[in-house]
Amino acid sequence: MAKTIGIFDSGLGGLTAAAEFEKLFNGKKYIYFGDTARVPYGTKSADTICRYACQDTKFLIDKGASLIIVACGTVSANAIDELKKRFDVPVIGVVEPAAEKAVEIAAAGNGRITVLGTSATVKSGAYERAINKIDPKIEVRSVACPMFVPLVENGYTEGEAAALFAREYLENSVSFGADAVILGCTHYPHLSGVIGEILQRSVLINSGKEAVVAAKKYLPAHMVSDGNGEFYVSDAPEAFSRLARVFMGREVADGVKCIDIESY
Ligand code: DGL
C-alpha cells in the first residue's frame, strides 16, 4: 500500500524540508505540522521537547503518516530515541544525515565542521557525537544562535536585523575556517544569505534537505501516495500561511488548518 509521509517542526523551519520534499518526491502527498502555539522549542528543557515531539508524532500518525521526518534539529537532537522507541513507524531526523554530509566535505578538506543550532541542540551534543562517530578526527565547534528562530518566525530573513545577529553569533567562527557549516536548525536555511556572507569559505549544509534525501533512500518515491502537501498548525494559521507563501514561493495548498495539539 502507498505510504504517506509526515513532516513536523516547531514552526516554519520545517518548510525547508517540505520544499525539498516537493523537489525529490514530486507530486507526492505529505502532511506538515508546525507547532506554532509552542514555538520555540530550542529554549525548552529536553523533557518538554520530548513531550511536544511525542504529541506532534502522534498527530501525524493519526492523520495517516507511516513515516515521520523530524524536520526539527532540536527534536532530532533531544528526542529522536524516545520517538523511535515509542512509535511503530520509521522516524528520520536531521542530525545523522547532516553529519554524514558534513563529514564527507570536511574529510576532503581541513577536517573542521561548525554546527549552528538552538541552545537545546548545542547543549545536547548530538551533532558532535554523530560527527565523531563517523570520523573521530574531525574537529567540531558548535554555536548556539537563539535569536535566529524568532527572526525567521517574524519574517526577518534578510536586511540589517538578520545581518546584525549573524555577525554577533558568527564572527568568531570565521577564523576556525570550517569546511562545512551545518545549519543544524531547520529555520536557519532561511538565513543562508546573511550566514553565507560571513562564513564565505564554508559549504552550508541544509539539515532539513539532508533528512529528506535520507527519507528517499529509505522509501522510494513510487511507494508514496500521490497528492499535495496538507498543512496543520497549532495556532495562528493566517500568520503561518503568509510566511509559508513567502518561503515556499506559492500559496500553500488548501489553506492551513489549526488543531489542538495538547489533545494528542
Ligand atoms: N526548526 C527548529 C530546529 O530545527 C527550531 C527550534 C525552535 O523552535 O527553537 O531546531
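The values are calculated or read from the model by the stated rules, or taken from the named source; none is laboratory data. Bear in mind the structure is a predicted one, so any value in this text is a computation, not a measurement. Cβ coordinates were reconstructed from backbone atoms using ideal geometry, including for glycine residues, and neighbour counts include every protein chain displayed. Only protein heavy atoms, including side chains, enter the accessible area calculation; ligands, DNA and RNA are left aside. Shrake-Rupley method; radii C 1.70, N 1.55, O 1.52, S 1.80 Å.
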Would you mind computing, in nm to one decimal, how far apart the modelled labels at SER263 and ARG141 are, each placed 7 Å from Cα along Cα→Cβ?
4.9
With a Förster distance of 22 angstrom and the Cβ-Cβ distance between ARG242 and LYS23, calculated FRET efficiency to the nearest 0.05 equals 0.45
Give me the one-decimal nm value for the distance between modelled label points at ASP226 and SER192, 7 Å along each residue's Cα-to-Cβ direction.
3.1
How long is the gain from ASP62 to GLN200 if the chain were fully straight, where each residue apart is worth 0.36 nm and the alpha carbon distance is subtracted?
45.3 nm
Using alpha carbon centroids, what distance separates region 137-176 and region 1-71, in Å?
24
Reachable lysines from LYS44, criterion Cα separation under 29 angstrom, eight or more residues apart if same chain:
LYS58, LYS63, LYS84, LYS85, LYS101, LYS123, LYS133, LYS209, LYS257
Take every Cα-Cα distance within the chain, group them into 10 Å bins from 0 onward, and report for each bin the whole-number percent of pairs it holds.
7, 33, 37, 19, 3, 0
Please determine, in degrees from 0 to 90 and to the nearest 10, the orientation of helix 160-170 with respect to the longest principal axis defined by the Cα atoms of the chain, where the helix direction is its Cα long axis.
60
Computed over the chain: longest principal axis from alpha-carbon atoms vs helix 46-62 long axis, angle to nearest 10 degrees, is 40
Does anyone have the angle between helix 237-248 and the longest principal axis of the chain? Alpha-carbon axes, 0 to 90°, nearest 10?
50
Over region 176-264, with neighbouring protein chains present, the accessible area per residue in Å² at probe 1.4 Å is 45
Once normalised by the length of region 154-264, the mean sequence separation of its alpha carbon contacts under 8 Å that are 6 or more apart gives a contact order in percent of 21
Mind listing the long-range amide H neighbours of TYR30? Cut-off is under 5 Å, sequence gap 5 or more, other chains count too, H placed in the peptide plane at 1.01 Å from N.
ASN228, GLY229, GLU230
Taking max minus min of the Cα coordinates of region 1-108 on each principal axis, largest first, gives extents in Å of 43, 37, 26
Please list the non-local residues whose amide H lies under 5 Å from the amide H of LYS3, H modeled 1.01 Å from N, same-chain partners needing a gap of 5 or more.
VAL224, SER225
